[in-house]
Structure formats: structure tokens, C-alpha cells
Amino acid sequence: MIKTLKQYQLAITLIQRQARIAVIVRETTIPRELIKATYKEILGRSGSSGPIKESIRGLTHNMKRYKEATLFAKIFRAIEAENIHGDIHNVIQAFDFFKISLPSGSLDFTTAWLVARDLRNKKLLLTECGHCYAAVLIILGSEKSLDRCCVCKTAL
């Protein structure tokens, strides 16, 4: 019973952060139809459906989004180092801290979840610029990954 209640509580937490339906389904054991109905009841609108992106290469098309993803990744790594590795609550905590740190940021929860997933799966690398020591997010195996620091523009 407690486990079921925790799953429902997690679903509500994710809905409040406007996560895509597919993310909520993947992170909980709750049926999709119940999540959709709850989404509409809580937020007054339907949630975004459809499959989860397999790649976040689109981040490199917009420098603002790329910088925001890098900031989120840095926050996420710090939180993940202090807590149980792989827990969805680390993503939630990092996202909430990101939103407090940058209230005008346009990074949505689903993109944050994708960044966390790809960091864990080693498809993304969070490194540091050797010149200015700013965090740099590198998309491994992508020709479109930035090869310069977003802050000082030094080649990596």
C-alpha cells in the first residue's frame, strides 16, 4: 500500500512540473490513462503525449537552451553525488533548484530529465573549460556538439 501511494505521489510531483506523459509512465507504475486524467484534473489541460526524444542534440541549436542545460547538468551532478545514484528525486531536486536559481529559464522538466538520463548513460559529458573553468556540456558521438566553451569561446 505504501509503495502504491509513493508512486501516486511521485506522479503528482511530476505532473506539477509538467513532465511529459511518457516520462511519468516510465518513472511510475501508474497506467497511462489514469495519468492523463490526473494531469487534466491538476493542471486543467492535457499533458504532452508522444514518445520521449532519444537524443538531445536539438539543444545545440539554441545557445540559451544549451547554457541552461549545462547549468542544470552541473546542479544535477552535485545532487547526484550526495544522494542515491539513479533516483528520480535527484532530477526533481535539481530541476527545482535550477528554477530557483534561474526563474526566467525556459528549460522544461522533460528536457532536464533527458539531460539527467544521458549523463547517467554517458551520452553526455560534463567537463570544465581549461581556460575559464566554466562547466561545459558535451554531447558524445555528435558532430553537432559544441567544441568551444560557451563562456570564453576557447576551443576545447
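Before moving on, here are some points about what is shown:
- In this structure, the amide hydrogen of LEU156, modeled 1.01 Å from its nitrogen in the peptide plane, lies closer than 5 angstrom to those of ARG148, CYS149, counting only residues at least 5 positions away or on a different chain.
- Answer label for percent of Cα pairs over 22 Å apart (calculated), chosen among [x] 39; [y] 44; [z] 54: [y]
- Percent carbon-and-sulfur accessible area, the chain, ignoring ligands, DNA and RNA, probe 1.4 Å: 55 percent
- Shape analysis of segment 1-50 yields a ratio of the Cα radius of gyration to the Kirkwood radius, Rg/Rh, of 0.93.
- Residues whose amide H comes within less than 5 Å of that of GLU128, counting only those at least five positions distant or on another chain, are VAL136 (H built at 1.01 Å from N in the peptide plane).
- Sites listed here are GluC sites (Glu not before Pro) in segment 68-156 whose DSSP assignment is loop and whose Cβ has at most 11 other Cβ atoms within 10 Å: GLU143.
- q = 0.15, 0.24 Å⁻¹, segment 55-111: log10 I(q)/I(0) [Debye, one scatterer per Cα]: -0.41, -0.96
- Among the listed pairs LYS40/LYS67; LYS36/LYS67; LYS53/LYS99; LYS6/LYS53; LYS3/LYS40; LYS122/LYS153, those beyond 28 Å (Cα-Cα): LYS40/LYS67; LYS36/LYS67
- Dipole magnitude of the chain about its Cα centre (Cβ charges: Lys, Arg +1; Asp, Glu -1), debye to nearest 20: 320 debye
- Accessible surface computed residue by residue for the chain, with neighbouring protein chains in place and a 1.4 Å probe, gives 57 Å² per residue.
The values are calculated or read from the model by the stated rules, or taken from the named source; none is laboratory data. Keep in mind it's a predicted model, so treat the numbers as computed, not measured. Glycine gets a Cβ as well: all are built from the backbone with ideal geometry, and neighbour counts include every protein chain shown. Only protein heavy atoms, including side chains, enter the accessible area calculation; ligands, DNA and RNA are left aside. Shrake-Rupley method; radii C 1.70, N 1.55, O 1.52, S 1.80 Å.
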